[in-house]
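Below you'll find the structure, written out as structure tokens, and then a few comments.
The values are calculated or read from the model by the stated rules, or taken from the named source; none is laboratory data. Treat the numbers as computed from the prediction; the structure is a model and nothing was measured. Virtual Cβ from ideal backbone geometry, glycine too; neighbours counted across all protein chains shown. Surface accessibility is based on the protein's heavy atoms, side chains included, excluding ligands, DNA and RNA. Shrake-Rupley method; radii C 1.70, N 1.55, O 1.52, S 1.80 Å.
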Amino acid sequence: QVQLVESGGGKVQAGDSLRLSCTMTGRTFSDYVMGWFRQAPGKERDFVTVISPDGGFTYYADSVKGRFTIARDNAKNTVYLQMNSLKPEDTAVYYCAAMYDGSWRNPEEYDYWGQGTQVTVSS
């Protein structure tokens, strides 16, 4: 049984930082592209960032570029999302997702999803 378990969400003030974690069990973590998506109330699930299986490639949505950093530790089966300079518009439920192969910007291409963790940024 594959599980992605996220942690690290919370309520912060604008300008603060948070680090999200997502740990995968049930599959070989290092085989998978890992992505982070977010969904605000009433909106679609949006791509945030992605990292390749070996960590050598990363890509960010323009809205988070320069503020968020994705990283992974394959020995710990964990992917991280460091979020700095948070803004109220970053408020959303954040999901990690795992994909063996496919188009990494398309959420429908991902094979497994975490349960989501709420991030709330107040002004």
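Structure notes:
- Against the list (1) under 11 Å from the mean Cα position of the chain (by Cα); (2) on the phi < 0 side of the Ramachandran plot, the condition Gly116 fails is (2).
- For the range 32-54, a tally of residues being open to solvent by less than 50 Å² (accessible area, probe 1.4 Å) and not β-branched (Val, Ile, Thr) returns 10.
- Residues located in the range 18-31, provided they are open to solvent by 60 Å² or more (accessible area, probe 1.4 Å), farther than 12 Å from Tyr80 by Cβ and either assigned to a strand (DSSP E or B) or not acidic (Asp, Glu) (or both): Thr25, Arg27, Thr28
- Only listed residue being open to solvent by 20 Å² or more (accessible area, probe 1.4 Å), in contact with a Cys (Cβ under 9 Å, 6 or more places away or on another chain) and aliphatic (A, V, I, L, M), chosen from Val5, Val79, Val93: Val5
- Counted residues, the range 1-50 - those being modelled with pLDDT of 95 or more, among the β-branched types (Val, Ile, Thr) and in contact with a Phe, Trp or Tyr (Cβ under 7 Å, 6 or more places away or on another chain): 4
- The range 9-30: number of residues that are closer than 18 Å to Val50 by Cα and under 17 Å from the mean Cα position of the chain (by Cα): 9
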